[in-house]
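Asker: Please find one structure pasted underneath; my questions will follow.
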Amino acid sequence: MAISGLGSHYISLFLYVVFATFLHKGAAQTISVQGQNLVTNNVSVVEGETAIISCRVKNNDDSVIQLLNPNRQTIYFRDVRPLKDSRFQLVNFSDNELLVSLSNVSLSDEGRYVCQLYTDPPQEAYADITVLVPPGNPILESREEIVSEGNETEITCTAMGSKPASTIKWMKGDQPLQGEATVEELYDRMFTVTSRLRLTVSKEDDGVAVICIIDHPAVKDFQAQKYLEVQYKPEVQIVVEFPEGLTREGENLELTCRAKGKPQPHQINWLKVDDDFPSHAVITGSDLFIENLNKSFNGTYRCVASNLVGEAYDDYILYVYDVLTTTPPPTTTTISAFQDSRADGAPQKIDHAVIGGIVAVVVFAMLCLLIVLGRYFARHKGTYFTHEAKGADDAADADTAIINAEGGHNNSDDKKEYYI
């Protein structure tokens, strides 16, 4: 009876399978034969994608190559596929290589695949296929949608149904944070991971992104983020609208209170610290207007703003200066500055160096005068001259001396004494 070519091919295949099964029963483990090396690789593939299984031989001597699944069923015998799973397709076949693709991989395909080389004794090499299951979209939840500054909030991030278990990392802006993770095993080595992040917020955190990053070999750049919404008490600032310079008697004063917070301040109040508010002061919203200033208005004026979070204030210290008097145009900047300082009513500073110089000059002049007078009196000290009658020295008594004196009493007008 004639046998067609196709029938002859299947008969040969059957005989090869029977022979291979007989050899397999007699072989315990992979045996390395000198000159012939069977090589394969482990494969990691994402569920639903395609895996490539290779069986490679070096220095083949025309021995037969076949590929078995984890259940020891023949997938390919040389270039023939006895298994009726069409997901397996031949990519390449030669004496040195059997290359097979497995499409639409599922968890049930995971396991150890066997490359067999029919030598004596036969050789085997094992390729482990690991199926990766990416997690679902991360679920990000916050305990509070709006947080007040200074309070603690908690954010959770969940990566569901992955294989292997995912790793979760946290970032606030560009700052890494540390969460607390729990891992729950489901089925078929599937896992759900939940990470909890606790942090205390400040007003600077308002609008900052908190990012949950999922680290898994099956996905890249897998993350979810949430922007913090932080409430904070007002920031208050008093701005002088008028005057631009010093506040003087008779002038007007206009102040504006600028307050910003979240939520916006619902109330703004003006008051004078430790004193009564001027009776004719006018408050319009956040503005304060006082006309015709005088020194009795001196003091600290406070603007207080409040919202749901709290209140804050800013102070303005008012000092009313004297009226600026009209003076002739100053010749120098120094004189002008001196006049302005006097007009301001500010206390004047005494230049002690100038006063010291003047005193020194006066003392020096007095010392010079005393030296000159001293020298003059020293030269004329107790000196005087008299003109007495000549010959009086030889007289026996006073009467004779007078009589013997030259010229007697007639010349008495010529006798003079000089006292200096």
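The values are calculated or read from the model by the stated rules, or taken from the named source; none is laboratory data. Not measured: the values here are computed from a predicted model. Note: ideal-geometry Cβ built from the backbone for every residue, glycine included; neighbour counts use all protein chains shown. Surface areas here come from the heavy atoms of the whole protein model, side chains and all, with no ligands, DNA or RNA. Shrake-Rupley method; radii C 1.70, N 1.55, O 1.52, S 1.80 Å.
Asker: Rank Leu140, Ala127, Thr153 by how far each Cα sits towards the positive end of the charge dipole of region 108-176 (+1 on Lys, Arg Cβ; -1 on Asp, Glu Cβ) and give me just the farthest.
Answerer: Ala127
Asker: Using a ≥ b ≥ c from the Cα gyration tensor of region 89-244 (square roots of the eigenvalues), is it rounded, prolate or oblate, where a/c under 1.5 gives rounded and otherwise the larger of a/b and b/c decides, a/b for prolate?
Answerer: prolate
Asker: Can you give the translational diffusion coefficient of region 161-310 in µm²/s, computed by Stokes-Einstein from the Kirkwood radius over Cα pairs at 4 °C and 1.567 mPa s? Numbers along the way, then the final one.
Answerer: Values: Rh = 20.3 Å.
In µm²/s, the coefficient rounds to 64.
Asker: Right, another one. Quick one: with all protein chains in place, what share of the accessible area of region 195-281 is carbon or sulfur, to the nearest percent (1.4 Å probe)? Let's see the in-between values first.
Answerer: Details: 2050 of 4940 Å².
In region 195-281, the share of accessible area belonging to carbon and sulfur is 41 percent.
Asker: In addition: Using only the alpha-carbon atoms of region 203-247 as identical scatterers, what base-10 log of I(q)/I(0) does the Debye formula give at q = 0.13, 0.17, 0.18, 0.23 Å⁻¹?
Answerer: Listed by q, the Debye log ratios stand at -0.57, -0.70, -0.73, -0.85.
Asker: I need the shape label for region 160-227. Rule: rounded when a/c is under 1.5, else prolate if a/b > b/c, else oblate, with a, b, c from the alpha carbon gyration tensor. Write out the running numbers ahead of the final one.
Answerer: On the way: a/c = 3.34, a/b = 2.12, b/c = 1.57.
It is prolate, given that a/c is not under 1.5 and a/b is the larger ratio.
Asker: Scale the Cα Rg of region 179-268 by the rule-of-thumb value 2.2 N^0.38 Å and send over the ratio, two decimals.
Answerer: 2.11
Asker: Keeping all protein chains in position, work out how much accessible area Thr325 exposes to a 1.4 Å probe, and write it in Å² to the nearest 10.
Answerer: 90
Asker: Applying 1/(1 + (r/R0)^6) with R0 = 35 Å to the Cβ-Cβ distance of Tyr319 and Ala360, what FRET efficiency is obtained, to the nearest 0.05?
Answerer: Step by step, r from the Cβ atoms, then E = 0.35.
Asker: Regarding region 223-288, what are the three Cα extents along the principal axes, ordered largest first, in Å?
Answerer: Rounded to whole Å, the extents work out to 66, 25, 20 Å.
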